[in-house]
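*Asks:* Next up is a structure, given as structure tokens.
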Amino acid sequence: MRNTSSGRSDALLVRDRQATKRWPVLAPVVLLVAGTAGAPAAFAAPKSDLRLTVSPSVSAADSPLTIRVSGLAPGQHVTLTVTSVDAKGVEWSEAINYIADRAGAVDPALQGGTDRGGPVSPDAMAPVDLMTNPGMFSTALNLSAWPFGSYSGYENAYSWATCQPPGAGGPGCSWSGSRPFTFTASSGPAHASVTVERQPAMPVTASVETVAAHGFYGVFWQPPAGQDNHIGILEFGGSGGGVDTLFGAFLASHGYPTLDLAYFDAPGLSQVIGGFSLGYFVEALRWLRAQPEVNPGRVWVAGWSLGSEAALQLGVYDPALVHGVLALEPNDVPACSWDPGTGFAIWTLEGLPLPCTDQSNPLPADNPEAVIPVAKIRGPIFMDCGGADGIWNACTYADNMMAQLQRAHDHYAHELLDYPEAGHGLGAPVPYDPGVASLEYYYGLGGQTVLSNPVALASQWGKLLAFLKH
């Protein structure tokens, strides 16, 4: 990985190759439980000093835990289980079988294991990342998911908080409490358990903003009074539609007032893809700029997948309103229509279609002007891409944009994080969200393995938050 420097005049490209990090132990919780004589013949006899350490005891839900089992015999089998009940009362769990190393220890960051689905690769948070509930695949995706759970389309993922039904300008969500996660290590009759609490980095609240009241539909997340950093973020998802409440909630918990915007498949909006006017997004931007918590000179836009096209074009066509862009799993060559041949333009400006192509080509021959001129954006651009993206080749599009920015020699810092094993779900950037990894893999948004996206997100999230400080 090559580090960037915001002082350089050239656009800077960072290749962040996937790697699992081992995190320091802070305020660990250690439990020692004695075992008894006798053990299955399949593994070494359990020792009497099995220990389970999980730290810290209270942590932000988007921060890592250190999980370690010790006091085992080399080669001894141990099952590491985690359970939790979410805000909706749904029970979640995961169990992974490990084999102790030569020191008689298990560290999920360094060692792989097996669960009911097969091999589990090393991942510091694998027990949490792979949590499921028995009914999570039993119902169809609701593309305008509510209440607050995971990002739009994945209402069956873990619910950190419950929300009141949407109402005009009324309270929508409040997230301040913690959720317990109980870890248990067991080997024959020996076992140890530890419970830790997961919560937002800061308490957050949200209000629902409606088309009738403001001309757009969204959820506005706010950090506690006096704790915001005055950088406002307008955030929207992709072709799933609806409102992406998870991203906004976590951004607000780090001090960024965030408006999660729906642009279709929400109350008062179209239910189909296409005919999206940039003017709709501009109305939301102006509203966000007017909020007392937001500095109107420090407003960013963030878009995932199809939404990245809107984020980039807003930066190009309304540079006075946009001061930075997050383009996640991006595409800089918009298609003319979601269903080729229909003539129904996806993006318009002042009633006219924006440049587009009917080709799936990073350099379209039918209309070279379809390539978004990202060098016209007056601010830093953050991009990510997964090399195993099965939706489109986001890394090719992102590389082309970085090349365009480098040729422009602007003075802004730009960053691209490229994770070769990750998939399209990398664009939903919040890490350690139970249920998401399995859902992404099930619906074709995962990477090479079910843990490819979680490992990449663990590396990416802190870098994304740091980049927002530019």
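*Asks:* Under 5 Å between amide hydrogens, which residues at least 5 positions from Leu416 or on another chain qualify, with H placed 1.01 Å from N in the peptide plane?
*Replies:* Correct list: Val14, Met383.
*Asks:* Any aspartates and glutamates with Cα under 14 Å of the Lys469 Cα? List them, leaving off those in the same chain fewer than 8 positions away.
*Replies:* By straight Cα distance, Lys469 reaches Asp228, Glu415.
*Asks:* In whole Å, what is the distance between the alpha-carbon centres of the range 395-435 and the range 329-385?
*Replies:* If you average the Cα positions of each part, the centres end up 17 Å apart.
*Asks:* Then there is this: Please report the equivalent ellipsoid semi-axes of the range 218-348, computed as sqrt(5 x eigenvalue) of the Cα gyration tensor, largest first, in whole Å.
*Replies:* Its equivalent ellipsoid spans semi-axes of 26, 15, 12 Å.
*Asks:* How big is the convex hull of the Cα atoms of the range 183-247, per residue, in Å³?
*Replies:* 173
*Asks:* Compute the signed sum of charges (Lys and Arg +1, Asp and Glu -1) over the other residues within less than 9 Å, Cβ to Cβ, of Ile231.
*Replies:* Spelling it out: positives minus negatives among the neighbours equals +1.
*Asks:* Okay, moving on. What is the antiparallel percent of DSSP beta bridges lying wholly in the range 200-467, to the nearest 5?
*Replies:* Roughly 30 percent of the beta bridges in the range 200-467 run antiparallel, per DSSP.
*Asks:* Please work out the Kirkwood hydrodynamic radius for the range 200-467, using every pair of different C-alpha atoms, and report it in angstroms with one decimal place.
*Replies:* Result for the range 200-467 stands at 18.5 Å.
Just so you know, all these numbers are worked out from the coordinates, no wet-lab data involved. Keep in mind the model is a prediction, meaning the values are calculated, not measured. Every residue, glycine as well, gets a Cβ built from its backbone with ideal geometry; the counts of neighbours run over all protein chains shown.
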